[in-house]
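Bear in mind that the values in this text are calculations on the coordinates, not laboratory data. All of these numbers come straight from a predicted model, not from anything done at the bench. With ideal geometry, Cβ positions are generated from the backbone for all residues, glycine too; neighbour counts draw on all protein chains shown.
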Ligand SMILES: Nc1ncnc2c1ncn2[C@@H]1O[C@H](COP(=O)(O)OP(=O)(O)OP(=O)(O)O)[C@@H](O)[C@H]1O
Ligand SMILES: [Mg+2]
């Protein structure tokens, strides 16, 4: 098949370069991997330090790490909503529970960042099994609402009855511990490495980000990627070809919980803290906004959505006067983007690049969109 | 023993009896057709056998297994495939992917842990998908989104998905509805191939009487949920109750 030969020629050595080969290349695993590495290498610098952008951005290295972690969260959430079509309004349960488990393990058992993150992930998986057994009996809006109810239940549980364990609204503080007992996470580099990566903590988080992107790319290219989409498109048909839809949904749910749990564990390590607010319903809501805004079901979408969300929250928020309206501004942009581009910002960008190659396509796309909006009354 | 057998199969929707004590038997390798006017209960019979609906009363056995209470995916895994009356495809997936989903189910069973392996490395699945694409003559449109196919092609894709599950017994609910004459002819040829080359058993619901009388080994006639006649095409053509209920009075048809 010609597609394979093109892929192979990229994996080997490519001499032809056209839009068509580019379309093939950008979907190869190697390209996605290299892009995510490059992104991590340049992200903190361009976002937090580069003098070329603006001094408003100066000193946002910490925010860069927060964004990487929330991107992992959004990628895990998207696996469920974007790929499989299950909308959970309670994903804070995995983020918050993993954070607590990580902190408790670090405080009471053993404080080693890798192990701590692993324990957080496992806690989320365990919770995922229980939640899935309840939630996968429910459909559509009941699934979403009961997910929210479970997360809120855990929030109140952590806040009051378990106050001895969780320290309630004060939360748990974790001392900083070296990686594998050797590597200080806060060690700062000098020179080029220092400029780009700053410290070991950023490298630690960045490595997990790259690993999660690689894992999700692989899942998308596996039979699961296809079967998840089939379930999203037409559950009845998928069952009638002989697939156990329940088990595949269960798998999607657990994989999603694991990735979100990883983000929760990383958050505990990053902030040296675990608190009840990570279980709060607004966390579940924020992740829906980020994922949908960036582009459901895509790989880059959730990352872009997370970035834009934090740009508003962390940076527009700091602008004089305008800053007070950051949430309103975000809501307006959200509505505008999703109304015109159901595939989010990433859908908008791919549309534009397609248009750059072929202006005629831009015109026909625009026409199509307008006629869609008119015919559906814009309620897509 | 018959491959498929129903005994006293009854399905009620509230006060409406859509199936009323239906007894049928389908032998391995034959093509049986089910005819009957709109609302006779033809689709309901298929739905009840394949697990989409559970019967109010009665038994269904397939190759000695009791199907009542089994889930649709389990029945499909036993080798019972179906194509739906209204095209039930996966709209945002490509034509190839639509077929591939069914091929994975046929090759790997109802569930398998393989999310770390790329799907293009499963050669048997790729081969089967390509074979179906060729058989149903959709290979030139393999990379189109299913939703952008013209209506007749969607109908063909519907049949292709059913085929890709690699069934021993295939239910086809009005496969030619909405097809052009050429596509209809192709589908009739395909049905012939499925019987002779693929060794399938086919249960066909079809409104086009020329096709039914042409391809069927035996014909069942359903009327208001009751089986009013069964027999060879010749017998059904002459059957007074059938002429009365379905072929439109004494003469005609
Ligand atoms: N899920 C359902 N709930 C309630 N009534 C139903 C349901 N499915 C079918 N019916 C009713 O049962 C009767 C038989 O319907 P069915 O679809 O089996 O007919 P059919 O023979 O397939 O007709 P057609 O030739 O129009 O496809 C009809 O009166 C229909 O309205
Ligand atoms: Mg019908």
For residues of A:211-223, the mean tally of beta carbons on other chains within 10 Å: 3
Exposure proxy order (Cβ contacts within 10 Å, fewest to most) of A:61, A:139: A:139, A:61
Taking B:1, B:186, B:179 and counting other C-beta atoms within 10 Å, the order from fewest to most: B:1, B:186, B:179
Proxy reagent accessibility, fewest Cβ within 10 Å first, across B:180, A:284, A:36: B:180, A:36, A:284
Rg followed by Dmax, in Å, when segment B:21-132 is reduced to its Cα trace: 16.7, 50
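Report, for the protein assembly as shown, the % of DSSP beta bridges that are antiparallel, rounded to 5. Mind showing how you got there, number by number?
Numbers: 24 of 41 bridges.
Here the antiparallel bridges make up roughly 60 percent for the protein assembly as shown.
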Cα-based radius of gyration of segment A:18-340 once divided by 2.2 N^0.38 Å, which approximates compact folds: 1.00
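Expressed as a rounded percentage, what relative contact order does chain A have, with Cα pairs under 8 Å and six or more residues apart? Intermediate values should be presented prior to the final figure.
Working: 556 pairs, mean separation 94.5, N = 380.
Relative contact order of chain A: 25 percent.
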For the protein assembly as shown, Kirkwood radius (reciprocal of mean inverse C-alpha pair distance, Å): 27.6 Å
Fraction of beta bridges assigned by DSSP in segment B:162-253 that are antiparallel (%, nearest 5): 50 percent
Longest to shortest principal axis, alpha-carbon extents of chain B, angstrom: 60, 40, 34
Test item: B:115-128 mean partner chain Cβ contacts at 10 Å: 4
Whole-angstrom gap from segment B:94-116 to segment B:1-23, using each part's C-alpha centre: 32 Å
Beta bridges per DSSP with both ends in chain B, % antiparallel, nearest 5: 55 percent
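For segment A:252-335, just say rounded, prolate or oblate: build the C-alpha gyration tensor, square-root its eigenvalues into a ≥ b ≥ c, call rounded for a/c under 1.5, and beyond that prolate if a/b exceeds b/c, oblate if not.
Numbers: a/c = 2.21, a/b = 1.35, b/c = 1.63.
Oblate, since a/c reaches 1.5 and b/c is not below a/b.
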Within 10 Å of each Cβ in B:97-105, the average number of Cβ atoms from other chains: 6
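For segment B:67-160, just say rounded, prolate or oblate: build the C-alpha gyration tensor, square-root its eigenvalues into a ≥ b ≥ c, call rounded for a/c under 1.5, and beyond that prolate if a/b exceeds b/c, oblate if not.
Working: a/c = 1.92, a/b = 1.17, b/c = 1.65.
It comes out oblate by the Cα gyration axes.
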Cα extents of segment A:160-220 along the three principal axes, largest first (Å): 47, 38, 21
Euclidean distance of C-alpha centroids, segment B:131-190 and segment A:131-182, integer Å: 49 Å
For segment B:219-246 and segment A:207-226, distance of Cα centres in Å: 56 Å
Highest-MSF residue in chain A out of A:200, A:234, A:111 [GNM, Cα springs under 10 Å]: A:234
Relative contact order of chain B, defined on C-alpha pairs under 8 angstrom at six or more residues apart (%): 25 percent
